[in-house]
Amino acid sequence: MHNSGGQDARIARVRIEHNNVTNTAGSGIYCQACSYTSIANNIVSFAAQQRPDLQEPVGCVALNDFDHGAITGNVCNWSGKDGFGIASPDVSASVFSGNTAHICLGNGFNFRSTGTLVGLVVTGNVVDRVNGYGFNILPGTLVQDMVLTSNIFLPNYNGHATNINQENCNGGCVIANNIFW
């Protein structure tokens, strides 16, 4: 979904659920300026095969200016970029739960922002064989009140389990009960 209704226009209370998306040049599912939106139980395969990942995120599921949402039970099965790309200016009060990122040439979950990411819960996700990080907070991105718990990060190709540092989490991060293989 892409909102072209002007800078202040928002899409609210949308349900993007139970879709099978395959063979995309850019993101499989892209939601910009979305509030109170559910993206659930979708299967996205062979996404982000051509589009560059510059100002907006590109991946199986990509979110830009997204708040009070639930991203649950989605399966990313091969992405030329990230599995789940989350970008600024505002991503807040959202839950990422029970998703799978399988074989991504970028990161499993890639959080980046020019503002502060606030109130995110990332729980019960599985990241398997990614080329970047299983879970990445881009350097310079600030996070406040984030919970990263009960996720499983399986062996990666060339990447690492996480890229999170104190610079990112000055506003409080809870990182607990994850399995980093």
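The values are calculated or read from the model by the stated rules, or taken from the named source; none is laboratory data. Just so we're clear, the structure is a prediction, and the values are computed from it rather than from any experiment. Here the Cβ positions follow ideal geometry from the backbone for every residue, glycine too, while neighbour counts run over all protein chains shown. Protein only, heavy atoms only, side chains kept; ligands, DNA and RNA dropped before computing areas. Shrake-Rupley method; radii C 1.70, N 1.55, O 1.52, S 1.80 Å.
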> What order do LEU154, LEU148 take when sorted by accessible area (1.4 Å probe), most exposed first?
Replying inline: LEU154, LEU148
> If contacts are Cα pairs under 8 angstrom and at least 6 residues apart, what is the relative contact order of the chain in percent?
Replying inline: 14
> Tally Lys/Arg at +1 and Asp/Glu at -1 over every other residue whose Cβ is under 15 Å from the Cβ of MET146; what's the total?
Replying inline: -3
> Once the other residues with Cβ under 12 Å from the Cβ of ASN77 are scored (Lys, Arg +1; Asp, Glu -1), what is the net sum?
Replying inline: 0
>> Charges at C-beta only: +1 for Lys and Arg, -1 for Asp and Glu. How large is the resulting dipole of the range 28-181 about its Cα centre, in Debye rounded to 20?
In response: 320
> Non-local amide H neighbours of TYR30 (under 5 Å, H modeled in plane, Pro and chain starts lacking H): which ones?
Replying inline: ALA62
> Hey, if we sort CYS173, CYS34 by accessible area with the 1.4 Å probe, largest down, what's the order?
Replying inline: CYS173, CYS34
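Based on the inverse mean of 1/r over its pairs of different Cα atoms, what is the Kirkwood hydrodynamic radius of the range 19-99, in Å? Numbers along the way, then the final one.
Working: mean 1/r = 0.0823 Å⁻¹.
Roughly 12.1 Å, rounded to one decimal.
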> Nearest 0.05, what FRET efficiency do ALA176 and ALA25 give at R0 = 25 Å with Cβ-Cβ as r?
Replying inline: 0.05
> Which are the unpartnered cysteines of the chain, meaning those with no other cysteine Cβ under 4.7 Å from their Cβ?
Replying inline: CYS104
> What's the percent breakdown of Cα-Cα distances in the range 80-163 across 10 Å bins, shortest bin first?
Replying inline: 21, 53, 26, 1
> Considering amide H positions built from the backbone, and no H for Pro or chain starts, which residues 5 or more places from ALA40, or on another chain, come under 5 Å of its amide H?
Replying inline: ILE16, GLU17, HIS18, THR72
>> How are the alpha carbon pair distances in the range 54-111 distributed across 10 Å bins from zero to the largest one, expressed in percent?
In response: 27, 55, 18
> Accessible area, 1.4 Å probe, largest first: how do VAL14, VAL118 sort?
Replying inline: VAL118, VAL14
>> Can you classify the range 22-68 as rounded, prolate or oblate using the Cα gyration tensor, where a ≥ b ≥ c are the square roots of its eigenvalues, rounded means a/c under 1.5, and otherwise it's prolate if a/b beats b/c and oblate if not?
In response: oblate
>> Rounded, prolate or oblate for the chain? Axes are the square roots of the Cα gyration tensor eigenvalues, ordered a ≥ b ≥ c, and the cut-off for rounded is a/c under 1.5.
In response: rounded
